[in-house]
1. Suppose every K and R has +1 on its Cβ and every D and E has -1 on its Cβ; what is the size of the dipole of the protein assembly as shown about the Cα centre, in Debye to the nearest 20?
2. Please report how far the C-alpha centroid of region A:198-215 lies from that of region A:88-145, rounded to the nearest whole angstrom.
3. May I ask you to order A:5-15, B:114-124, A:240-250 by the average number of other C-beta atoms within 10 Å around their residues, highest value first?
4. At a Förster radius of 56 Å, what calculated FRET efficiency corresponds to the Cβ-Cβ distance of A:ARG5 and A:ASP226, to the nearest 0.05?
5. For region B:33-121, take the convex hull of the Cα atoms, compute a quarter of its surface area, and give me that in nm², please.
6. Within region B:122-140, what residues put their amide N at less than 13 Å from the label point 7 Å along the Cα-to-Cβ vector of A:GLU67?
7. Once you charge only the Cβ atoms, +1 for Lys and Arg and -1 for Asp and Glu, what is the size of the charge dipole of chain A about its Cα centre, to the nearest 20 debye?
8. Can you tell me the accessible area per residue over region B:127-201, all protein chains present, probe 1.4 angstrom, in square angstrom?
Amino acid sequence: MKSVRNYFSGLSAHVGARWTHFWFEPLDLFPLSVLRIGAGLMAFYYVYSHTADLLRWFGPRGLLPIETVEQFTGGMENFRFSYFNFVDVPGAVWTLHIIGALVVLLFLLGLFTRVTSVLSLIVVLSYVHRAPMLTGQFEPVLTMVLFYLCLAPCGSFLSLDAWWHRRRGERVKTTSPLGTISLRLIQVHLTLFYLMMGLTKLAGQTWWAGSAVWWLIAHPESRLVDWTALHAAPYLINAWTHAIVVFELAFGVLVWNRWARPLLLVIAVPMWLLLIPITGLVSFCVMILIANLAFVPADWLRAALGRSGEAHAAPVAA
Amino acid sequence: MAKSTVPPPEEAARPSELFRTVASLLLCIHLFCVTLAVWANFSPSSLLYDVLGRLEAYTTLLNFNLNYTPYHLTHGTGEDVDDRIELLPQGKDAAQAEQWIALPDVGWRGSDRYKRYQRLAEVMSYFAQDEERSARLATSVAEHFLNVADVEPAQIRSRKHLLLTMQDYAAAGEPDPDGPQQWLIPYAANVVISGDEVEVIGVSEQGEVALPTN
């Protein structure tokens, strides 16, 4: 009995120590600032992409009037809050759209980041919830990153906030407990996505049989490039199909290993970029690559952006 | 985690034990919700579905619910094909494919703008057997074209663009992906306009709607 008690005592202490280290060890805020720019760009693109057809979708005589959407989703009764549900006049819809785009732009530029991060999330969610049947794989990843960026001071670097505080000579933190939590949440949630993507693929026979990539190539109205000539290379189709599944499952597990991580992050780039021409899911593939930056060490990001000296220079406001 | 640039010790202090305790509790709850929401993406069990229903306020509001979003990309089934919505204006010949107005009708294929129209068409196809919802959606589309685009619709339908196999290409050389056998019509309806009212009457037998040859 004593050994059992010792085991659980040791287990508890070990798990507790690892948990504390994982979630609360101070981490550099620089990756979050880079993620802010990436997510901000994608959020701005997302809002902007509604511009040409704004009233066609959300207008009072649009393709999806509020009453129609509510019949499918239950509307705000089912916790789908959107400020577009309160307006039914073209002028008001346009006003909300322009204000939303400006808010997201401010977030991208890193101005009043603590406020604009939350507002940007509300903006993007309002488009999502106004017509959830129009959303695809891209929106959940975008809103996930935006939500977690709300927790952290993601305007500490590469932002107008940082520039302003530097001008004023203010000294601030370069780490934050919330920053660590935010970054870890993005990492964990992304890992869950990868595992889910890999496992749901295996629920279909086509991914086991190695033909799934062909079924993507064969979409005449979704693909960006016609690669049907690859019907003459079935082994290539098979290999590509298997590679996607193996990669997604491997990423979900091995990205936590410091030796495997760099390889997986590098392999992720061609893996996702090659999916773009056969699926047409440009925004989704790009957003996943942006989210992957959560796993790139701060040193590497600083070096890549020429900011290596900044960590020990006069810090700027968080 | 790889070594990062750690600032001076006075700035590297961990948060207080109270903060860590409260944060840990919230993290556990959040991760539980998120894990269930992600896990339920594909064919959830009854247990998972019911538990997720109780967490709906949190997971739906923040868009954690994946709602059968096809992250598997394809399983090669009839659901994993391209859809389109087509509208036949009054006085046009239903047998002539080019006389139908098709959605998507704008945008580059890789843009979200284009994808939204495809997803609308998928919804119409998916709910084809749900008379109420399919009629509601078809009515909204027909009303939009009547009131905004100045097109008086006679018929509306969704069409699935079926896929060719590798064997089709190997056998035929250059098969026609737009051939008549590559199309399926999950939903079709006649549109009846009386004054400002638009009504759609679903078509259950093929003979009631003249199907085009392409």
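1. Numbers: 37 positive and 45 negative charges, 644 e Å.
Dipole magnitude for the protein assembly as shown comes out near 3100 debye.
2. 34 Å
3. Numbers: A:5-15: 9.9, B:114-124: 23.4, A:240-250: 18.1.
Sorting A:5-15, B:114-124, A:240-250 by mean packing, highest first, produces B:114-124, A:240-250, A:5-15.
4. On the way: r = 66 Å, r/R0 = 1.19.
After rounding to 0.05, the efficiency reads 0.25.
5. On the way: hull surface 34.3 nm².
The directionally averaged projection comes out at 8.6 nm².
6. Only B:136-137, B:139-140 fall inside the zone, counting backbone N under 13 Å.
7. Values: 21 positive and 15 negative charges, 214 e Å.
Using Cβ point charges on Lys, Arg, Asp and Glu, chain A gives about 1020 debye.
8. Details: 3650 Å² over 75 residues.
Per-residue value: 49 Å².
The values are calculated or read from the model by the stated rules, or taken from the named source; none is laboratory data. These figures come from a predicted structure and were not determined experimentally. For neighbour counting, all protein chains shown are included, and Cβ atoms are generated from backbone atoms with ideal geometry for every residue, glycine included. Accessible surface is based on the protein model in full, side chains and every heavy atom, while ligands, DNA and RNA are left aside. Shrake-Rupley method; radii C 1.70, N 1.55, O 1.52, S 1.80 Å.
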